[in-house]
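Student: This structure is in structure tokens; I'll ask about it shortly.
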Amino acid sequence: MNNKNIFSSRLISNFDWILFGLTIVISVIGVAAIYSTGGAGNGEPNRTFIKQIYWILLGLIGMTLILLVDYHLLERFTYIFYIAIIIIFIIIALTGKSISGARRWLSIGQLTFQPSEIAKIILIITLARYFDDRNIRGAYQIRNLAVPFIIVLIPVILIAKQPDLGTAVILFFIFVSMSFFMKINPKSFSILIGSFVLSLPLLWHFMKNYQRNRILTLMNPQTDPLGSGYHIIQSKIAIGSGGYAGKGFMSGTQSQLNFLPEKHTDFIFSVFAEEMGFIGATLLIFAYLVILIKGIDVIYHARDRSGALMAIGVVSMLTFHIIFNIGMTTGIFPVVGIPLPFMSYGGSSLMTNFMAIGLLLNIKMRRFKGID
Amino acid sequence: MRIGGREQNFSETVKGRILIFTILIVTSILFLIFRLWYLQIIKSDELKLLAENNRVRTIPLKAYRGKIFDRNNKEIINSRPSFNLLLTPEDVKEPERILSIIASRFKIDMDRIKMEIKNSHALFQPVTLKRNLSREEVAFIEEHRIDLPGVFLDIEPARNYVHEEAASHIFGYVGEITKLQLDNLRNSDYRLGDLIGQYGIEKRYESTLKGKRGSKYIEVDATGRELKVLREVKPDFGYNLYLTIDIELQKEAEGLFEGKNGALVAIDPRDGSILAMVSKPSFNPNFFAGGVSKEYWSNLTADNYKPLQNRAIQGQYPPGSVFKIITATAGLEEGVITPATIINCPGFFKLGKKTYRCWKKSGHGKMDLQNALIQSCDVFFYTVGFRLGVDRLSQYAYSSGLGNSTDIDLEGEKAGLIPTSDWKERAKGEPWVAGETLSVSIGQSFNLVTPIQLANMISAVANGGTIFKPRIVYKIETESGVNEVKPEIKGKLAAAQKTLDIIRDSLRGVVSDARGTGRAATISGIVVAGKTGTAQVIKMKESEDKADEDLPYEFRDHAWFVAFAPYENPTIAVAVLVEHGGHGGSAAAPIAGRLIKKYLLTQ
């Protein structure tokens, strides 16, 4: 009993309130931004932001659940999760509901869920487990990465076929950055990077036409201003026209008048930047940076190797999401459907990100030895 | 379970990599902020403009062109509703069927319709297919509205010339602005498709008449749906012009030219106001109002008689015997003759080996100045001209306004030509020949004048010597009030009052004397003064033995008559030119007479 008491108070004292608080703050900003996008006077009541609030509450529950379970326990059962998610992907590929040409949704009753989101967390834990188990003395060689590569490749292929190129790329990047922390020798790492670069033309070959177009239009959006270049152009106009201080809440003409596509999901940042301006957008990005720095702090102070690896995975995942999404809305990266964590509308994505934060908090809370 | 110590070392062992990882993250984030700074600060103005262009659609509101009134405040040019045929591509169901109906019914080329649709910005924006529809065409659309979804009518103000062809050369016309004009007016608010004054008063007073385009700023969403009117700038009306023209007199004058080509200018000698100005053949400016048809335009431009030329200010003709007024003035002023000087006219004047004939082969006998003017004796004026020499003569002609533009407020006035010996040296490279002076002194040879110049000259003779700048607009009505256009004096005839009195008295004789050449201008109850002129088109020698009527039309003489009335207190001065009309006394004088009668009796 006594032991238990120390356990819980110690856990709570190690709870990272700043990390948690910033997550909530950004989520609330996200709800406000989604509320704002519903302002176009087409008469329909805007329910989207209410759904988002529900998802946030669900996300908090998910986060709490992850918090309560020691991450070592998650590590222990991770292969089961991994196999389960692969099976789910196969089921989706065979029976899944097709929404705008993509089979990436799993329907349970009224709810539709995107398993590829949760797959990120499962993959992070699975890779952490694998790298933790196979602790090689000395430097990693290329061949030592073969098995984890296959672990990543199976879901990447299944997700890419849905098609959900964005998530597939994120999974691959999570793998690369986690491998980076294994003592892989620089030569092997450069071979890895080199072969990736060399395989780009091959990747190009397998891409669908619309995906190629997105990359081409990124380089020169004016070639097709009403087609695939439209999203990039309108998003840049939205962000740029916000200026210093923005046009004000619910006053962004680009979003209110629907010039901005996908405004409550992938382009929510453009909505925010248009209405809140450079000042607001920079503050938001700083908030993300603080979250990431807090995550790095978790890596650094993790009690053990598996905790550190999981934290690396989570921080990488959040980083890639933030950079790809904002990079896409500001016209640096091609348009791939990568949501902005805690801002973009979407249950699966919110759930996953809250769980990811939960994992970080979990690792940080349990960073001291002798607590089991 | 692994050994705690080694475990704790993991973070320590990858410390370097954590640092690299951190640096990469921070750099990427800073790069994003840099990108935002670029878009939201550096490019902000440019992108704000694009955002505004996205959401604001500007609809031009056409300005109403100013109206034009005559001297009696009668509306002579105004605007009428003109119907245009428009089509919204998006709303056209069964495009093939509807487009073919439109193409055949409205005689528009099918390819042109398809081209217009292809060139339009968006499918929900209407394209204009045809302007200025006829009443039947409007009725057709009204009746078949249900069968022609996407096709509709739009009303815009079109210029309306109430009296059709009357005074077409003064009024001019409006037409679509040309590419070249648009380039020259780059800093103005003209746009492609705008109407602009292309001729006459419409052109000269374009900036006064045009008004200012208004705009309606409408907020649209991404689909182009109009959400609300953001702002509306009402168009400004163009200013109204009041002309010195008397439209009734003008129409009378036009009627007098029935079947004839030529020009007429009537001036109020008291202030230089143009009362009427005719140039025949003429055109109908209404045909230009909604875009001139190719057919009408090519008819006008191909016509040998050049209906688009304003003969009153652009036609250059030898003045013929009208010039004798100048020769007489110069002779008296220079003292080479006196009113009492008698010169015998045997029917010819010998200069060296050459013989210069009087129009009257048998001769006029003994002539003084007055009789010489009344009977238009050539020999008398040969003598005067010979005594003066060409350069002294030209000086008087020039200072009377001949051979130089009157500065009337219309485009394209021609200067004419008054020859001097210098001029001949320069232009022809030959010295002046004395015989040419003889021709000049009776208004032939190199002399070229425009009808407006002769009208202005006779007006000065009538009013006691004041040469006005002919005035065609006397009042401009602006939003802030009325601007009077004051009469402007250009100069004085170089003639003493005594000289003018003698000349005027002689000109009265031209009309009222039994032997006067201008008797055809007589009006009962009104004393008219005038001078006939017959301008040779080909040299006398070739035509001397033939009656004018027997010559081909284009070789016949031009008939002139200048006049003013009433003699004591003139209120109208007229110059009439009938192209290839033959003798001034028979062809031109009656026209002047009837016009003066109409004017003075209806005043």
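Student: Taking the Cα atoms only, what angle lies between the long axis of helix B:324-334 and the longest principal axis of chain B, rounded to 10 degrees?
Tutor: 70 degrees
Student: Taking H placed 1.01 Å from N in the peptide plane, check which residues at least 5 places from B:F349 or on another chain put their amide H under 5 Å from its amide H.
Tutor: Excluding prolines and chain starts, which carry no amide H, the hits are B:Y356, B:R357, B:C358.
Student: What number, rounded to the nearest 500 deg cm²/dmol, is the helix-based mean residue ellipticity at 222 nm of chain B, given -39500 (n - 2.57) per DSSP H run of at least four residues and division by all its residues? Please report the intermediate quantities before stating the final value.
Tutor: Working: 24 runs with 223 residues, N = 603.
Rounded to the nearest 500, it is -10500 deg cm²/dmol.
Student: Quick one: angle between helix B:110-119 and the longest Cα principal axis of chain B, in degrees between 0 and 90, rounded to 10, please.
Tutor: Rounded to the nearest ten degrees, it is 60.
Student: Rounded to the nearest 0.05, what FRET efficiency do B:K492 and B:E568 have when you use their Cβ-Cβ distance and R0 = 22 Å?
Tutor: Details: r = 21 Å, r/R0 = 0.96.
The value I calculate is 0.55.
Student: So what's the gap between the Cα centers of the stretch B:343-411 and the stretch B:229-270, to the nearest angstrom?
Tutor: So the two Cα centres are separated by 37 Å.
Student: With a ≥ b ≥ c taken as the square roots of the eigenvalues of the C-alpha gyration tensor of the stretch B:402-520, please select rounded if a/c is under 1.5 and otherwise prolate if a/b is larger than b/c or oblate if it is not? It would help to have the intermediate numbers written out before the result.
Tutor: Details: a/c = 2.47, a/b = 1.33, b/c = 1.85.
Here the stretch B:402-520 falls in the oblate category.
Student: Beyond 31 Å between alpha-carbons counts as too far, so tell me which of A:K120/A:K364; A:K51/A:K294; B:K354/B:K469; B:K350/B:K531; B:K414/B:K531 fall in that bin.
Tutor: On the way: A:K120/A:K364 20 Å; A:K51/A:K294 29 Å; B:K354/B:K469 41 Å; B:K350/B:K531 26 Å; B:K414/B:K531 23 Å.
Beyond 31 Å: B:K354/B:K469.
Student: Then there's this: Please compute the modelled spin-label separation between B:E295 and A:K161, points set 7 Å along Cα→Cβ, answer in nm with one decimal.
Tutor: With each label point 7 Å from Cα toward Cβ, the separation is 7.1 nm.
Student: Quick query: amide H of B:L129 versus all other amide H atoms, modeled in the peptide plane; which residues come in under 5 Å with a sequence gap of 5 or more or a different chain?
Tutor: Those qualifying (amide H under 5 Å, at least 5 residues apart or on another chain) are B:L85, B:L86, B:L87.
Student: Within a 10 angstrom radius of the beta carbon, how do B:D505, B:D154, B:D409 rank from fewest other beta carbons to most?
Tutor: Values: B:D505 15, B:D154 12, B:D409 19.
Fewest-to-most Cβ neighbours within 10 Å comes out as B:D154, B:D505, B:D409.
Student: Let me ask something additional. Based on the Cβ-Cβ distance from A:N46 to A:I83, what FRET efficiency comes out when R0 is 35 Å, to the nearest 0.05? All intermediate terms of the calculation are to be shown ahead of the outcome.
Tutor: Values: r = 41 Å, r/R0 = 1.16.
Computed FRET efficiency for A:N46 and A:I83: 0.30.
Student: In chain A, which whole DSSP H runs stretch at least 15 Å along their own axis (Cα) and average 0.0 or higher on the Kyte-Doolittle scale?
Tutor: Values: long enough: A:2-13 (17 Å, -0.48); A:17-37 (30 Å, 2.05); A:48-68 (30 Å, 1.82); A:71-95 (34 Å, 1.90); A:115-133 (26 Å, 0.69); A:146-160 (20 Å, 3.06); A:165-181 (25 Å, 2.35); A:186-198 (18 Å, 1.39); A:209-219 (16 Å, -0.68); A:229-242 (20 Å, 0.36); A:268-301 (38 Å, 1.61); A:305-329 (36 Å, 1.34); A:347-365 (26 Å, 1.08).
TM-like helix candidates: A:17-37, A:48-68, A:71-95, A:115-133, A:146-160, A:165-181, A:186-198, A:229-242, A:268-301, A:305-329, A:347-365.
Student: Follow-up question, since we're still on this one. Need one value for B:26-37: mean number of C-beta atoms belonging to other chains within 10 Å of its residues' C-beta atoms.
Tutor: Per-residue shielding by partner chains comes out at 6.
Student: Sorting B:E206, B:E479, B:E254 on the 10 Å Cβ count, fewest up front, what's the list? Working shown, then result.
Tutor: On the way: B:E206 18, B:E479 8, B:E254 21.
Ordered by Cβ neighbours within 10 Å, fewest first: B:E479, B:E206, B:E254.
Student: Cβ under 15 Å from B:L49's Cβ, B:L49 left aside: what net charge do those residues give with Lys, Arg +1 and Asp, Glu -1? Provide the component values of the computation, followed by the final result.
Tutor: On the way: positive: A:K236, A:K247, B:K43, B:K48, B:R55, B:R57; negative: A:E274, B:D45, B:E46, B:E52.
That works out to +2.
Student: Under a cut-off of 17 Å between alpha-carbon atoms, report the lysines in cross-link reach of B:K260, not counting same-chain residues fewer than 8 places apart.
Tutor: Excluding near neighbours in sequence, the set is B:K251, B:K280, B:K306.
Student: If the chain between A:S9 and A:D70 were fully stretched, how many nm would it gain, using 0.36 nm times the residue separation less the Cα-Cα distance? Provide the component values of the computation, followed by the final result.
Tutor: On the way: separation 61, 0.36 × 61 = 21.96 nm, distance 1.54 nm.
In short, 20.4 nm is gained.
Student: Please list, in chain and number order, the residues 5+ apart from B:Y199 or on another chain whose amide H is under 5 Å from its amide H, with Hs placed from the backbone.
Tutor: Excluding prolines and chain starts, which carry no amide H, the hits are B:Y173.
Student: Also, I was wondering about something else. Round to the nearest 10 and give me the degree value, 0 to 90, for the angle of helix B:589-602's Cα axis relative to the longest principal axis of chain B.
Tutor: The angle comes out at about 70 degrees.
Student: If I model a spin label at B:E136 and B:I41 as a point 7 Å from the Cα along the Cα→Cβ vector, what separation in nanometres do I get?
Tutor: 7.0 nm
Student: Could you work out, residue by residue across A:269-280, how many beta carbons of other chains sit within 10 Å of that residue's beta carbon, and then give the average as an integer? The partial results should precede the final answer.
Tutor: Values: counts 2, 0, 0, 0, 3, 3, 0, 0, 4, 7, 1, 1.
Average per residue, whole number: 2.
Student: How would you rank B:V220, A:V25, A:V315, B:V574, going from fewest to most other Cβ atoms within 10 Å of each one's own Cβ?
Tutor: With the fewest neighbours first, B:V220, A:V25, A:V315, B:V574 line up as A:V25, B:V220, A:V315, B:V574.
Student: Pick out, in residue order, every one of the chymotrypsin sites (Phe, Trp or Tyr not before Pro) in the stretch B:409-459 that is DSSP loop and has at most 15 other C-beta atoms within 10 Å; say none if there are none.
Tutor: Sites meeting the loop and neighbour criteria: none at all.
Coordinate-derived values only; no laboratory data. These numbers come from a predicted model, not from an experiment. No Cβ is skipped: glycine too gets one built from the backbone with ideal geometry, and neighbour counts run over all protein chains shown.
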